[in-house]
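The values are calculated or read from the model by the stated rules, or taken from the named source; none is laboratory data. Everything numeric in this text was worked out from a predicted model, so none of it was measured. Here Cβ is always computed from backbone atoms with ideal geometry, including for glycine, and neighbour counts include all displayed protein chains.
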Amino acid sequence: MDIRYEVVTNLSKMEVRSKLEASLKEEGFGILWELNMKDKLQEKGIEFDRDFIVLEVCNPVAAKKVLDIDISAGYFLPCKMAIYEEKGNWVLGLIKPTDLIALQENPALIPLAKEVEEALILAISNVVK
């Protein structure tokens, strides 16, 4: 079982980032935080030559519902996505919310996790259309 959903594209890094932000917005999500691991590692004196961009994304309505159902499920928030370079292409993906939330062992969270996952997968798919 793969807990990731990923797509590969030959779009530029900037195109991927820009299209993803617009697509996420269409699905009710926003980017809360962004970190390029390459830049952070190099800042600490560690050589790493590939971009690996971590994005934390959130749909505030869905986040509130999760927290209302089970406050401790907040450990899984916000959702994480990544954009990274691989063999001249860009990979865009996420960890599936349904697989993460299953670890919480609260069945009431599963339908909401499915909704979030479907919306995020749609947002990613729209980037590479």
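Here are Glu56, Glu34: which of them is closer than 25 Å to Gln104 by Cα, surrounded by 14 or more Cβ atoms within 10 Å (Cβ to Cβ) and among the acidic types (Asp, Glu)?
On inspection, the qualifying residue turns out to be Glu56.
Which condition number does Val54 fail, the rest of (1) among the aliphatic types (A, V, I, L, M); (2) in contact (Cβ under 8 Å) with a residue 40 or more places away in the chain; (3) over 17 Å from Glu115 (Cβ atoms) being met?
Only one criterion in (1) among the aliphatic types (A, V, I, L, M); (2) in contact (Cβ under 8 Å) with a residue 40 or more places away in the chain; (3) over 17 Å from Glu115 (Cβ atoms) is unmet by Val54, namely (2).
Please pick out the residue among Leu122, Leu35 that is closer than 26 Å to Met1 by Cα and either out of contact with any strand residue (DSSP E or B) (no Cβ under 9 Å at 6 or more places or on another chain) or at pLDDT 95 or above (or both).
Leu122
So that you can scan it fast, the table gives a plain yes or no per residue for (1) of a type in the set (Ser, Thr, Tyr); (2) within 17 Å of the chain's Cα centre (by Cα); (3) closer than 19 Å to Glu26 by Cα:
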{"position": "Asp68", "(1), (2), (3)": "no, no, no"}
{"position": "Ser72", "(1), (2), (3)": "yes, no, no"}
{"position": "Ala82", "(1), (2), (3)": "no, yes, yes"}
{"position": "Ile101", "(1), (2), (3)": "no, yes, no"}
{"position": "Leu112", "(1), (2), (3)": "no, yes, yes"}
{"position": "Val116", "(1), (2), (3)": "no, yes, yes"}
{"position": "Ala119", "(1), (2), (3)": "no, yes, yes"}
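If I filter the stretch 92-100 for residues that are within 22 Å of Asp49 (Cβ to Cβ) and surrounded by 14 or more Cβ atoms within 10 Å (Cβ to Cβ), do I get at least one hit? Write out each step before concluding.
Taking the stretch 92-100 first, the residues within 22 Å of Asp49 (Cβ to Cβ) are 92-93.
Narrowing the set further to residues that are surrounded by 14 or more Cβ atoms within 10 Å (Cβ to Cβ) leaves 92-93.
The answer is yes, given that some residue of the stretch 92-100 is within 22 Å of Asp49 (Cβ to Cβ) and surrounded by 14 or more Cβ atoms within 10 Å (Cβ to Cβ).
Scan the stretch 79-90 and report the pairs whose first residue is surrounded by fewer than 21 Cβ atoms within 10 Å (Cβ to Cβ) and whose second residue is assigned to a loop (DSSP other than H, G, I, E, B) and among the polar types (S, T, N, Q), with Cβ atoms within less than 6 Å and a gap of 6+ or a chain change.
That search, which allows pairs on different chains as well, returns Asn89/Asn10.
Considering only residues of the stretch 59-74 that are more than 17 Å from Ile110 (Cβ to Cβ) and not hydrophobic (A, V, I, L, M, F, W, C), which is surrounded by the most Cβ atoms within 10 Å (Cβ to Cβ)?
By that ranking, first place goes to Pro60.
For the stretch 91-112, which positions are closer than 14 Å to Leu67 by Cα and in contact (Cβ under 8 Å) with a residue 24 or more places away in the chain?
Ile101, Gln104, Asn106, Ala108, Leu109, Leu112
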